[in-house]
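Below is one structure, written out as structure tokens; the observations come after it.
The values are calculated or read from the model by the stated rules, or taken from the named source; none is laboratory data. The structure presented is a predicted model; accordingly, all values stated were derived computationally and were not measured. Here the Cβ is made from the backbone with ideal geometry for all residues, glycine too, and neighbour counts use every protein chain on show. Quick note on the areas: whole protein, heavy atoms, side chains included, nothing else; ligands and nucleic acids left out. Shrake-Rupley method; radii C 1.70, N 1.55, O 1.52, S 1.80 Å.
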Amino acid sequence: MTDLPRHDWPRFEPGWVWLCGAGPGDPGLLTLHALNALRQADVVVYDALVHDGILDWAPGAEQVFAGKRGGKPSPKQRDISLRLIELARAGRRVLRLKGGDPFVFGRGGEEAQTLVQHGIPIRVIPGITAGIAGLAYAGIPVTHRDVNQSVTFVTGHDATGNQTASLDWDGIARGSQVIVIYMGMKHLDGIASKLIAAGRDPAEPVAITTTATLDAQRTIETTLGTCAADARDADLEPPAIICVGHAVAMRQVLEWRAMAGGDPPRNLDPLGRGRPAQSA
Ligand code: SAH
């Protein structure tokens, strides 16, 4: 790697699979390890959520799409894993590129396990996950000392596509001040009802950010009681990340992308705490 800062960058050996996060969209959110991998890969097996601009960084590599396209069902997980094994056994340097972080609701754990079970050497390159960076691009810090001491990341549906039955929504509602929901749009009605039934205030703020970190990023601010209807009315395009909790109010002062475009902050003190303490 001549164009990366001097460092002992790992060499991509033939027959290896590197399981790598591509971040939520904006190519600038790739890690340097991801860039190092893109520069050396022979073949990149990528998902639907990987932005095209990122594949441009691997001009020499064969590109294999492994996501859902044009309403067709996504390839079976087993088929993807077998393809990776086949490519590795053929002596290729196989870069398995996944949106966000491969080990966060991305089935990266399953793929890695299958590869190891078949004796394929792997390297894991974590990525920046949508539930943190997507919200940051919307001006929402997932933790803030005045708001929350916990955050819970949940998926809105399980492997069968049903609302996540195994989740203790009561426990989450009671125990987590901020809840970040991946893949939550399909069952948003049900999820919001469960959180309200467990005692969350229907007026609690909710933000839904779509296509986060890219130019098409869009955020609606709503409430737990009305979010499902508001989301339908807003005609939101996937992918969408949902944040439930008072962290959403911080957008009023931290919506930095709008401010970069010239908009003033809406409210310098959205939590009504007065001037911030000067102490650490
Ligand atoms: N491994 C990924 C998550 C894969 S699950 C990660 O760490 O980010 C897919 C879900 O991630 C989507 O349904 C959506 O909830 C969320 N997501 C991924 N990219 C997103 C983006 N750019 N904007 C909003 N949500 C995104």
(request) Estimate the FRET efficiency between Ala234 and Phe65 by the formula 1/(1 + (r/R0)^6), using the beta-carbon distance for r and 30 Å for R0, to the nearest 0.05. (result) 0.55
(message) Need one word for segment 118-175: rounded, prolate or oblate. Basis is the Cα gyration tensor (sqrt eigenvalues a ≥ b ≥ c); a/c below 1.5 gives rounded, then a/b vs b/c decides.
(response) oblate
(request) Apply 1/(1 + (r/R0)^6) to the Cβ-Cβ distance of Arg89 and Leu32, taking R0 = 30 Å, and write down the FRET efficiency to the nearest 0.05. (result) 0.55
(request) Check the chain and count each lysine pair with an alpha-carbon distance under 27 angstrom, considering only pairs eight or more places apart or from different chains. (result) 9
(request) Read phi for every residue in segment 50-55 and hand back ³J(HN,Hα) as whole Hz from Karplus 6.51 cos²θ - 1.76 cosθ + 1.60, θ = phi - 60°, with x for Gly and Pro. (result) 7, 5, 3, x, 6, 5
(message) Pick from Ser166, Ser150, Ser74 the residue whose mean-square fluctuation is largest in a GNM of the chain, springs joining Cα atoms under 10 Å.
(response) Ser166
(request) Leaving ligands, DNA and RNA out of it, rank Arg96, Arg107, Arg11 by accessible area with a 1.4 Å probe, largest first. (result) Arg11, Arg107, Arg96
(request) Could you work out the per residue convex hull volume over the alpha carbons of the chain, in cubic angstrom? (result) 166
(message) Using the Karplus curve 6.51 cos²θ - 1.76 cosθ + 1.60 with θ = phi - 60°, what ³J(HN,Hα) values do you get for each residue of segment 204-213, in whole Hz, with x for Gly and Pro?
(response) 4, x, 9, 10, 10, 10, 10, 6, 4, 6
(message) Springs between alpha-carbon pairs under 10 angstrom, Gaussian network model over the chain: which of Ala88, Ala249, Ala159 fluctuates most?
(response) Ala159
(request) Could you tell me which of rounded, prolate or oblate describes segment 69-149, using a ≥ b ≥ c as the square roots of the eigenvalues of the alpha-carbon gyration tensor, with rounded for a/c under 1.5 and, failing that, prolate when a/b is larger than b/c and oblate otherwise? (result) prolate
(message) For a test of the definition: using alpha carbon positions, the gyration tensor, and the 1.5 limit on a/c, classify segment 17-128 as rounded, prolate or oblate.
(response) rounded
(request) Note down the relative contact order for the chain as a percent, whole number, built from C-alpha pairs under 8 angstrom at least six residues apart. (result) 17
(message) Pick from His118, His33, His51 the residue whose mean-square fluctuation is largest in a GNM of the chain, springs joining Cα atoms under 10 Å.
(response) His118
(request) Give me the angle, in degrees from 0 to 90, between the Cα long axis of helix 188-197 and the longest principal axis of the Cα atoms of the chain, rounded to the nearest 10. (result) 50
(message) Restricting to Cα pairs below 8 Å that are 6+ residues apart, what does the relative contact order work out to for segment 17-128? Please round to a whole percent.
(response) 43
